[in-house]
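None of the figures in this text is laboratory data; all of them are computed from the coordinates on show. The shown structure was predicted, so the numbers you read here are calculated from the model rather than taken from an experiment. Positions of Cβ are backbone-derived with ideal geometry, glycine not excepted, and every protein chain shown enters the neighbour counts.
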Amino acid sequence: MSQSFVYQSQPARVIFGRGTLAQLPAEAERLGLRRLLVLSTREQAELGAQVQQLLGARAVGTFAGATMHTPVEITERALSNVKELDIDGVVSVGGGSTTGLGKAIALRTDLPQIVLPTTYAGSEMTPILGETQAGIKTTQRSFKVLPEVVVYDVDLTLSLPTQMSALSAFNAIAHAVEALYAPDANPIVSLMAEEGVRAIVDALPRILKEPGNPAARADVLYGAWLCACCLGAVTMGLHHKLCHTLGGVFDLPHAQTHAIVLPYALAYNEPEVPEAMMHLGRAMKTEDPVLALLQLERECGIPLALRDIGMPHDGIPRAVEQAMANPYGNPRPIEEGALGELLQRAWAGEGG
Ligand code: NAD
């Protein structure tokens with residue numbers, strides 16, 4: 001344990017369980033909200049409509065236009081609905097894309113947000129917002145975007161396809177991994193990180209066998225919540241910066257990129273982070289967390305190489321250049337040659 005540290009807690013109200021969606025009207029009442037806009041993606045429009053129905057007269061509209069990377073044009077379209085309908089709060093039901101739209105609205109209006117997460121990406125517990133405009137993704141931190149209430153309903157995750165569940169779970173694990181070696185790491189966040197990884201790694205294989213198993217779904221969602229708290233609490237390093245760069249430059253899918261890069265980023269940092277490796281080893285019941293991550297990924301049948309998700313081989317030097325452009329904290333210094341090798345291995349899926 002570090003001898004000295006700073007821990008700052010974030011305001012959060014979290015409701016967790018099965019069937020907790022039913023508590024949404026009471027939560028809206030608690031916040032005094034009477035003119036809610038329900039946000040979703042197009043694919044989850046039906047769920048958005050169900051939520052609107054549940055809220056009755058309190059929900060005055062739906063906006064089923066959320067998409068990946070929170071494009072500012074979409075936010076502007078949603079904002080015109082906010083204005084026309086005189087909205088006093090938003091309900092985001094979906095994954096990180098929908099939560100991102102709710103946050104982008106909150107940033108510009110200060111409206112309260114209630115979030116019902118349906119993936120394990122974790123945006124709901126962070127004061128972070130990434131937005132894209134004219135193809136450029138920028139990320140900012142602001143307490144204005146931290147949701148007021150998060151309602152985790154295990155039942156809403158039952159429909160998440162197995163492969164997407166696995167990818168999203170690795171996205172969550174990545175938050176915990178980098179929290180364990182963050183420059184501002186602290187014992188409380190490390191507890192959450194270890195327990196989050198433990199819960200996910202233990203239950204994910206059960207979801208693969210039985211996607212509708214509510215106990216396994218509850219364990220992974222619980223783990224994902226803890227990992228999300230880690231993401232919101234401390235500074236991320238090489239892994240998150242690299243995924244951000246790859247997503248932005250090559251338009252690679254978010255969760256897939258995280259899942260593929262994670263073992264390679266961890267292997268890069270491994271020599272410098274013995275304490276983090278100890279936590280991960282305990283959480284995963286292994287002496288080799290990098291290998292254990294790769295094995296679990298193989299078991300999940302998810303893509304294991306950046307080339308399989310559309311990254312061009314001749315893009316590696318560009319990715320290295322971009323990742324080196326803005327210096328950031330990482331336990332092992334970012335060296336151009338070593339970063340190129342990391343990306344070459346992740347591109348080919350050669351193992352950590
Ligand atoms: P997503 O929200 O884009 O969802 C992917 C697809 O799966 C969508 O079509 C969605 O409607 C569908 N889906 C979601 N849940 C489902 C369910 N239970 N059943 C069936 N279909 C379902 O994916 P994501 O990985 O959750 O989010 C990715 C986005 O979130 C990225 O833009 C990323 O940058 C952002 N993100 C932000 C933060 C943050 O702290 N700001 C953290 C993590 C992710």
| Positive-end residue of Pro271, Ala174, Leu221, charge dipole of the chain with Cβ unit charges | Leu221
| task | With springs connecting C-alpha atoms under 10 Å apart, model the chain as a Gaussian network and identify which of Ile260, Ile74, Ile173 has the largest mean-square fluctuation. | result | Ile74
| How would you order 158-169, 189-200, 8-19 from highest to lowest mean count of nearby Cβ atoms within 10 Å? | 189-200, 158-169, 8-19
| task | Give Lys103/Lys241; Lys209/Lys285; Lys209/Lys241 a once-over and call out the pairs whose C-alpha atoms are over 25 Å from each other. | result | Lys209/Lys241
| task | First check a/c for the stretch 310-352, with a ≥ b ≥ c the square roots of the eigenvalues of its C-alpha gyration tensor; if it is under 1.5, answer rounded, and if not, answer prolate when a/b is larger than b/c or oblate otherwise. | result | oblate
| Considering only the chain, percent of DSSP beta bridges that pair antiparallel, nearest 5 | 20 percent
| said: Sort 305-316, 93-104 by packing, meaning the average of other beta carbons within 10 Å per residue, with the highest value first. | reply: 93-104, 305-316
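Percent relative contact order of the stretch 162-348, based on C-alpha pairs within less than 8 angstrom and at least six residues apart?
28 percent
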| message | Quick query: amide H of Gly329 versus all other amide H atoms, modeled in the peptide plane; which residues come in under 5 Å with a sequence gap of 5 or more or a different chain? | response | none
